[in-house]
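One structure below.
Here, each number is a calculation from the coordinates, and none is a lab measurement. What you see is a predicted model, and the numbers here were worked out from it, not measured in a lab. Here the Cβ is made from the backbone with ideal geometry for all residues, glycine too, and neighbour counts use every protein chain on show.
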Amino acid sequence: AAPPAPHLVVGTAGHIDHGKSRLVRALTGTDPDRLPEERARGMTIELGFAHARLDDCDVWFVDVPGHEKFIRTMVAGATGVDAALLVVAADDSVMPQTREHAEVLRLLGVQRCIVALTKTDLVDDEWADAVEHETRELLAELGLEAAAVIRTSAVTGRGLDELRAALIAAARRRTADHDPFAWFRLPIDRAFTIAGRGTVVTGSALHGEVSAGDELELWPHGRRVRVRGLQSHHEQRSAACGHMRLAVNLAGVGLDEVWRGCELATPGYLAPTRLVDVRLATLRMPGKTPAQTLRVRLHLATRELRVELRLLDAPQAAIVRDAYAQLRLAEPMVASWGQRFILRDDAEQRTLGGGVILRPFARRWTARRPPDPKRLEWLVGGKPK
């Protein structure tokens, strides 16, 4: 198949009221806040979506909430994005959710990052210099690299052309990675019905190709479903590929059968599991006493569920790095080797860490049958950063 036109899925990130939605609106002409409550309160609560045709590139935006109460929604929205647009208000600088969002992006392996310093019309250059310095320090601390740091204003239009140019460059670099032979996979982040058409699901396709009429598997059910139609930014498509925002019209599927956290995939690609071996990049211990077995909330793709985490070695400090662990699930889920995940603490409402899936179908670790560390190391093929 011919390579697709340059395209990119961008996820916003940043603290509440730093101007994420307003910046997306200035770039696209679309208000990503869909709910009346969001517009009334002036804050994003659910995921918002917008599209811009920049030069010859299609750029989709996933606008995420900045409030700490909605971090779980932010994690779901960050799934499948190719690049991050980290928004920092020049009159406020780096704030708690700036830091947490940036850390989530690092743990999910999002490598392309563009920083927009917003509201620069409210501060002088000296103040903006200080905010830019603090932002760069945060990125350096987390090991993130910014492709550009651009000073913007949605009021005056400052920096918007420069920001568009940075997004176009990122889209052209990413499209070179296209693999038409990869298996199709789409974590679902939204489901709804359209009169006369039935159930429609949306998400950011991770990889692979899909065409109208194809048969896919819907997880966690494992049932076969048929693709009745495809749409991207309100345009009907006969086929689509990974790294695109898609709406998929499914035949014979009720709205009560699909929800955020379900996935569509090429038949035979995924299978359910309840035991997963992982390598943790970072894990902050919840509570005051480090423990070898913890109960935490797992965020994998757009799904979240409670899991029991068992570390291979007893922790010696409040922060564990580069450690092997096993996730034991109360209900089946689908996962693949190399997939990134986030761990959070429900009680304290904070991100504990994250890592990468090593063995999606593991056997239970016991004292009599411990895992082989050398085998786990072989599965890593390099430490998660």
Quick one: Karplus J couplings for segment 328-339, per residue in order, coefficients 6.51, -1.76, 1.60, θ = phi - 60°, nearest Hz, x for Gly and Pro?
10, 9, 6, 9, x, 9, 10, 8, 9, 4, x, 6
What does the net charge come to around D125 if you take all other residues with beta carbon closer than 11 Å to its beta carbon, with K and R at +1 and D and E at -1?
-3
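For segment 305-377, which GluC sites (Glu not before Pro) pass both filters: DSSP loop (anything but H, G, I, E, B) and at most 16 other C-beta atoms within 10 Å?
Loop-located and lightly packed - E348.
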For segment 352-367, 3J(HN,Hα) per residue [Karplus equation, 6.51 cos²θ - 1.76 cosθ + 1.60, θ = phi - 60°, Hz, x = Gly/Pro]:
8, x, x, x, 9, 6, 9, 10, x, 10, 9, 9, 5, 6, 9, 5
Sequence-distant or interchain residues sharing an amide H contact under 5 Å with V62, placed H: which?
V10, G11, T12
Between rounded, prolate and oblate, where does segment 7-175 land on the alpha carbon gyration tensor, with a ≥ b ≥ c its root eigenvalues, rounded for a/c under 1.5, else prolate if a/b exceeds b/c?
rounded
Taking Cα pairs under 8 Å and at least six residues apart, what relative contact order does segment 185-265 come out at, in percent?
41 percent
Considering the values [x] 22.5, 77; [y] 20.8, 67; [z] 67.2, 256, which represents Rg and Dmax of the Cα atoms in Å as calculated for the structure under consideration?
[y]
Here segment 208-222 yields Karplus 3J(HN,Hα) values (6.51, -1.76, 1.60; θ = phi - 60°; whole Hz; Gly and Pro given as x) of x, 10, 9, 10, 4, x, 5, 9, 10, 9, 9, 10, x, 5, x
Amide H partners (placed H, <5 Å) of R190, local residues excluded
T202
Per-peptide average of other Cβ atoms within 10 Å, ordering 15-23, 220-228 highest first
15-23, 220-228
Within the chain, helix-based [θ] at 222 nm, where runs of 4 or more DSSP H residues each add -39,500 (n - 2.57), nearest 500
-6000 deg cm²/dmol
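How high is the relative contact order of segment 272-380, given as a whole-number percent (alpha carbon pairs under 8 Å, six or more residues apart)?
With pairs under 8 Å counted, the relative contact order is 36 percent.
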What is the distance in Å between the Cα centroid of segment 347-362 and that of segment 255-321?
4 Å
Output the peptides 51-64, 356-369, 289-302 sorted from most to least packed, where packing is the average of other Cβ atoms within 10 Å over each peptide's residues.
51-64, 289-302, 356-369
Give the peptides 120-131, 146-157 in descending order of average Cβ contacts within 10 Å, highest first.
146-157, 120-131
Percent relative contact order of the chain, based on C-alpha pairs within less than 8 angstrom and at least six residues apart?
14 percent
